[in-house]
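Colleague: Quick one: the structure is below, questions incoming.
The values are calculated or read from the model by the stated rules, or taken from the named source; none is laboratory data. Here the structure is a predicted model, which means the values were calculated and not measured. Using ideal geometry, Cβ is built from the backbone for each residue, glycine included, and neighbour counts are taken over all protein chains shown.
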Amino acid sequence: MQYILAAASEQPQSANASPLIFIVILLIFAIIVKFGRIFTLWLQAHIANADISFTQILGMRLRKVDAQLIIKAMIDARQNGLTEITLEMLEAHYLAGGHVPEVVRALIAAKLANVPLEFTMIAALDIAGRDVLAIAQKLVDKNCINHEQVTDELNQNLKTGD
């Protein structure tokens, strides 16, 4: 009888370990899901030769930047030959409240039409609330070749708000 009571009072070790194992498995799954998204973005950038590291994507996530939006814009820029645009420029424009995809599309349209536009000028217009795609289209339609003429029109647009 004494052996039966002693055996009944002892709980198997596996019953105590079950919640711990469940928590560890759940934690591992959460880490895989979190880093899986980052890995997917990194893989997209790597395949497209966008030169974005895993740690840069992790940093964007920590700064609450929409990494997918920035990486897609960076890939679009690189695939269209806009090598002067950096990840930091796109991220800073996003954090300033700018519309990154529209700025990149405007620069791509200008580049395809051989209209020299700078990222800083288009980004400033975007932050000022102007429709940068319409401005770029207007410049492309005019087919401006002279850099001073384009710069003068952009500066005038900044001042007047058209």
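Colleague: Applying the selection to region 126-145, what residues are touching a helix residue (DSSP H, G or I) at 6+ places or on another chain (Cβ under 9 Å), assigned to a loop (DSSP other than H, G, I, E, B) and at pLDDT below 85?
Modeller: CYS144 - this is the single residue of region 126-145 that is touching a helix residue (DSSP H, G or I) at 6+ places or on another chain (Cβ under 9 Å), assigned to a loop (DSSP other than H, G, I, E, B) and at pLDDT below 85.
Colleague: Within region 64-90, take every residue that is among the basic types (Lys, Arg) and surrounded by 14 or more Cβ atoms within 10 Å (Cβ to Cβ) and give me the one that is modelled with the lowest pLDDT. Outline the logic, then answer.
Modeller: Keep residues of region 64-90 that are among the basic types (Lys, Arg), which gives 64, 72, 78.
Among the residues that remain, those that are also surrounded by 14 or more Cβ atoms within 10 Å (Cβ to Cβ) are: 72, 78.
Working: LYS72: 95, ARG78: 92.
Among them, the one singled out is ARG78.
Colleague: For region 57-90, give me the residue count where each residue is assigned to a helix (DSSP H, G or I) and not small (Gly, Ala, Ser).
Modeller: Qualifying residue count for the region: 19.
Colleague: Taking the residues in region 121-132 that are hydrophobic (A, V, I, L, M, F, W, C) and out of contact with any His (no Cβ under 9 Å at 6 or more places or on another chain) as candidates, determine which candidate is surrounded by the fewest Cβ atoms within 10 Å (Cβ to Cβ).
Modeller: First, the residues of region 121-132 that are hydrophobic (A, V, I, L, M, F, W, C): 121-125, 127-128, 132.
Going one step further and asking which of them are out of contact with any His (no Cβ under 9 Å at 6 or more places or on another chain), we end up with 121-122, 124-125, 128.
On the way: MET121: 18, ILE122: 24, ALA124: 18, LEU125: 21, ALA128: 12.
If we take residues in region 121-132 being hydrophobic (A, V, I, L, M, F, W, C) and out of contact with any His (no Cβ under 9 Å at 6 or more places or on another chain), then ALA128 is surrounded by the fewest Cβ atoms within 10 Å (Cβ to Cβ).
Colleague: Turning to a different aspect of this structure: Among the residues of region 103-119, which ones are part of a helix (DSSP H, G or I) and either over 13 Å from GLY81 (Cα atoms) or in contact with a His (Cβ under 7 Å, 6 or more places away or on another chain) (or both)?
Modeller: Step one: list which residues in region 103-119 are part of a helix (DSSP H, G or I), which gives 103-112, 119.
Of everything in region 103-119, those that are part of a helix (DSSP H, G or I) and either over 13 Å from GLY81 (Cα atoms) or in contact with a His (Cβ under 7 Å, 6 or more places away or on another chain) (or both) turn out to be VAL103, ALA106, PHE119.
Colleague: Test HIS93 against the criterion of being closer than 26 Å to ALA128 by Cβ, in a helix (DSSP H, G or I) and either modelled with pLDDT of 90 or more or not aromatic (Phe, Trp, Tyr) (or both), and give yes or no. Steps first, please.
Modeller: On the way: closer than 26 Å to ALA128 by Cβ: yes; in a helix (DSSP H, G or I): yes; either modelled with pLDDT of 90 or more or not aromatic (Phe, Trp, Tyr) (or both): yes.
The answer is yes for HIS93.
Colleague: How many of the residues making up region 40-56 are under 23 Å from ALA96 (Cβ atoms), assigned to a helix (DSSP H, G or I) and in contact (Cβ under 8 Å) with a residue 24 or more places away in the chain?
Modeller: Counting residues in region 40-56 that are under 23 Å from ALA96 (Cβ atoms), assigned to a helix (DSSP H, G or I) and in contact (Cβ under 8 Å) with a residue 24 or more places away in the chain gives 3.
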